[in-house]
Every structure is written in C-alpha cells, then in structure tokens.
1. Can you tell me which of Ile164, Ile143 is assigned to a helix (DSSP H, G or I), under 30 Å from Glu214 (Cα atoms) and in contact with an Asp or Glu (Cβ under 8 Å, 6 or more places away or on another chain)?
2. Can we say Ile87 is more than 22 Å from the chain's Cα centre (by Cα) and either open to solvent by less than 40 Å² (accessible area, probe 1.4 Å) or under 21 Å from Pro155 (Cα atoms) (or both)?
3. Kindly indicate the residue of the range 203-228 that is free of Cβ contacts under 8 Å to residues at least 24 places away in the same chain and open to solvent by less than 80 Å² (accessible area, probe 1.4 Å) and also nearest to Ser160 (Cα to Cα) among those meeting that condition.
4. Any idea which of Leu231, Leu149 is in contact (Cβ under 8 Å) with a residue 60 or more places away in the chain, closer than 30 Å to Gln64 by Cα and surrounded by 12 or more Cβ atoms within 10 Å (Cβ to Cβ)?
5. Lys181 is checked against (1) at pLDDT 85 or above; (2) part of a helix (DSSP H, G or I); (3) over 27 Å from the mean Cα position of the chain (by Cα) and fails just one. What number does that condition carry?
6. I need the helices (runs of 4 or more DSSP H) fully contained in the range 1-99, keeping only those with at least 1 residues that are of a type outside the set (Val, Ile, Thr), within 30 Å of Lys216 (Cβ to Cβ) and at pLDDT 90 or above.
7. Which members of the range 111-134 meet the condition of being out of contact with any helix residue (DSSP H, G or I) (no Cβ under 6 Å at 6 or more places or on another chain), touching a residue at least 12 places away in the same chain (Cβ under 8 Å) and open to solvent by 50 Å² or more (accessible area, probe 1.4 Å)?
8. Could you list, in sequence order, the residues of the range 69-84 that are surrounded by 11 or more Cβ atoms within 10 Å (Cβ to Cβ) and free of Cβ contacts under 8 Å to residues at least 40 places away in the same chain?
Amino acid sequence: MALLRGVWGALSALGKSGAALCADCGRRLRSPFSFVYVPRWFSSTLSTYPKKPMTSYVRFSKEQLAVFKAQNPAAKNSELIKKIAEIWRELPDAEKKIYEDAYKADWQAYKEEINRIQEQLTPSQLVSLEKEIMQKRLKKKAIIKKRELTMLGKPKRPRSAYNIYISERFQEAKDGSSQLKLKTVNESWKNLSCSQKQVYIQLAEDDKIRYYNEIKSWEEQMVEVGRNDLLRRKMMKPQAKSTEKS
C-alpha cells in the first residue's frame, strides 16, 4: 500500500523502523501507542477512508446468499454457503472473470483514494494517523472477522455444560435485572446434584461432536473456495470418554 510505504519512510526518517513498531503488534501495540495524542482532525480523516473491496468470491457469495436466503428463509447459513461454494466451483471462467474484474477495478479505485488522502498529509501526520489506524484496526478486527465468518456460515463453537444450563434457565428466572437473574441462575447451578449436572455435561459432549462434524465440513468448503486462511491451525477431535479397566 502506498500509504504504508509512506509511513515506513517517515518512521525511518525518525529513526524507528516500521517493522519495530509492527512486530508483535497484537500484544504490544496498546502499550507504546496508548499515550499518543491524536488531534481531532484524525477522526474526520479516518471517516473518509474507503473500505477495502470484497474479493471476487466474497462478492459472489454475498449476492447469492441474499437470493438463497429469500428462497429458503429457514435454511442455515452453513447449508446455503455449501450450495454457493458448489456453484462458484462450477462457475465458468468467463463468469468468474466478471467478479474478478470488478474486484480489480474496486481495488484500483481503493488505492487511488488512499493515495489522494496521503498526498494531503505531511510525514508527521502520516505517522500519527497510521498509529490511530492501527489502534482502530485492532479494535474492529475481531468484529469484522466475526461478521465475515457469520456470513460464510461458520458453525458456532460448542457450549459448556454451565453455558447450556444458563441459557436454558435464564429466561425462566424471576423478574429482575439481568445481573440479578444471572446471579440467581448461577446459585441454582451450584446447588445442582452431580446427577443433575451430568445431564448438561452430556449435552455439552454432544455439542462438541456436533461442532467437530460441522466445522470439518465447513473447512472443506472453505478449501474448495480458496479460503485456507480461515482454517484452524490445529484440528480438534472430540475426546472419547475414558473407561476404567476392570
């Protein structure tokens, strides 16, 4: 990105490399940047920053998902995304090229807009602005990722026995604030006998198996559409219950 290249150049002029600032930024960014004063004009500048364009598959998937959802309102996103992945895989190159060309055009427009904004800023402003961008990016990264995964139909993680119980009993709790309800249900959980808790422990084990099967199928779909970046680093398998030897 032209913006980043300009920022790295400014950082070098100040005697600090961009790599030094970005190394391990996920864990260390908040500490060195938390004291930075950010002028008010940065907020207005950031609000004019264009969003990165969608990739060709994401654009296609978003269009098709709306159509499929309207036709099958009761269907799960995971089921619909599987159908969309199959359609994309079988889509002729000529039709795929329409989406790829749209992405390239949007990306070019995106870069031009970034360059236009960059030309209006001084090197010191670029440094401060990039710090603010990094801070906001870290805060929004999880939200954006979650939205994308939801759109792509990623299965929900398995719930614990306690969470299943809370979800089941929370609405049944007497009137009061959410905090008071949670406290009541929590006390109720503590007072359950081992046999009563075992029911929810079994439900949690079943949910783990559900998740394992669904995530395995979902990751296969993501491989098919070239989204290997969404795969887990370590495959999870449901643990079999240990049995005592007689």
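The values are calculated or read from the model by the stated rules, or taken from the named source; none is laboratory data. The shown structure was predicted, so the numbers you read here are calculated from the model rather than taken from an experiment. Cβ placement follows ideal geometry from the backbone for every residue including glycine, while neighbour counts extend to all protein chains displayed. Note: accessible area is taken over every heavy atom of the protein model, side chains too, but ligands, DNA and RNA are not part of it. Shrake-Rupley method; radii C 1.70, N 1.55, O 1.52, S 1.80 Å.
1. Sole residue among the options that is assigned to a helix (DSSP H, G or I), under 30 Å from Glu214 (Cα atoms) and in contact with an Asp or Glu (Cβ under 8 Å, 6 or more places away or on another chain): Ile164.
2. yes
3. Restricting to residues being free of Cβ contacts under 8 Å to residues at least 24 places away in the same chain and open to solvent by less than 80 Å² (accessible area, probe 1.4 Å), the top hit is Asp206.
4. On inspection, the qualifying residue turns out to be Leu149.
5. Here Lys181 meets the rest and fails (1).
6. Once the helices (runs of 4 or more DSSP H) in the range 1-99 are filtered for at least 1 residues that are of a type outside the set (Val, Ile, Thr), within 30 Å of Lys216 (Cβ to Cβ) and at pLDDT 90 or above, what remains is 56-71, 77-90.
7. Lys111, Glu113, Ser124
8. Lys69, Asn72, Ala75, Lys83, Ile84
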